[in-house]
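The values are calculated or read from the model by the stated rules, or taken from the named source; none is laboratory data. Note that the structure is predicted; figures quoted are calculated from it, not measured. Methodologically, a virtual Cβ is constructed for each residue, glycine included, from the backbone with ideal geometry; neighbour enumeration extends over all protein chains shown.
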Amino acid sequence: MKICHVRSLNFFTEPLDVISVHDMGWAEKKNGDLIRSMLEEGFEFLLTADKNLQNQQNLEKYPVRLIVLRTFDNRFKTLVPYIAVIQEAIMNASDSEQIIEIDLRDLKI
C-alpha cells in the first residue's frame, strides 16, 4: 500500500510504503493538484490530520482513499507512539471505505 503523508512518518512497516509530501517535492501543491500528483505516482492513500479535506475536495472523482487522523496534536513526536495503532487501522479498513477516520484523542499509550 502506497501512502502519501503531509508530514514525514517513516516508522511504518511493510506492506505500508509511506512517503511524505515534502519528500516527493509536492510541499507547495494545493489539495486538488496534490491528489492528481499522487494518483500519477501510484499512491492509494492520503494520510492527513486535516478533517476538512473531505469537505473541500470532491473525493468521488478521485480513486484515492483518505486517512484522517483525529488528534489534539499532530506533531511528529506526538504521533510516533501511535504508529502501530494507525498502521493496524489502515490494514483492517474495509476496501469499500474511501474515508478512514482514526481517532487518537482518547487513546493512552
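Okay, here's what the table says:
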{"read-out": "Subset of segment 1-49 [charged (D, E, K, R), at pLDDT 75 or above and either within 23 Å of PHE72 (Cβ to Cβ) or more than 10 Å from the chain's Cα centre (by Cα) (or both)]", "value": "ASP17, ASP23, GLU28, LYS29, LYS30, ASP33, ARG36, GLU40, GLU41"}
{"read-out": "Single unsatisfied condition, ARG105 versus (1) basic (Lys, Arg); (2) in contact with a strand residue (DSSP E or B) (Cβ under 9 Å, 6 or more places away or on another chain); (3) assigned to a helix (DSSP H, G or I)", "value": "(3)"}
{"read-out": "Some residue of segment 72-91 being assigned to a loop (DSSP other than H, G, I, E, B), buried (at least 17 other Cβ atoms within 10 Å of the Cβ) and at pLDDT below 85", "value": "no"}
{"read-out": "Tabulated pairs, segment 94-107, first free of Cβ contacts under 8 Å to residues at least 60 places away in the same chain and over 16 Å from TYR82 (Cα atoms), second polar (S, T, N, Q) and not in a loop (DSSP other than H, G, I, E, B), C-beta under 7 angstrom, 6+ apart or interchain", "value": "ILE99/GLN54"}
{"read-out": "Residue selected from segment 50-71 under the condition more than 16 Å from ILE3 (Cα to Cα) and modelled with pLDDT of 85 or more, by the criterion surrounded by the most Cβ atoms within 10 Å (Cβ to Cβ)", "value": "THR71"}
{"read-out": "Selection from segment 92-109 of residues that are surrounded by 17 or more Cβ atoms within 10 Å (Cβ to Cβ) and among the β-branched types (Val, Ile, Thr)", "value": "ILE100, ILE102"}
{"read-out": "Some residue of segment 46-63 being in contact with a Cys (Cβ under 9 Å, 6 or more places away or on another chain), more than 14 Å from LEU16 (Cβ to Cβ) and part of a loop (DSSP other than H, G, I, E, B)", "value": "no"}
{"read-out": "Hey, LEU104 within 17 Å of CYS4 (Cα to Cα) and of a type outside the set (D, E, K, R) or not", "value": "no"}
{"read-out": "Pair list, Cβ < 6 Å and 6+ apart or interchain, from segment 16-30 residues that are without any contact (Cβ under 8 Å) to a residue 60 or more places away in the chain and surrounded by 13 or more Cβ atoms within 10 Å (Cβ to Cβ) to residues that are outside any loop (DSSP other than H, G, I, E, B) and among the polar types (S, T, N, Q)", "value": "TRP26/SER37"}
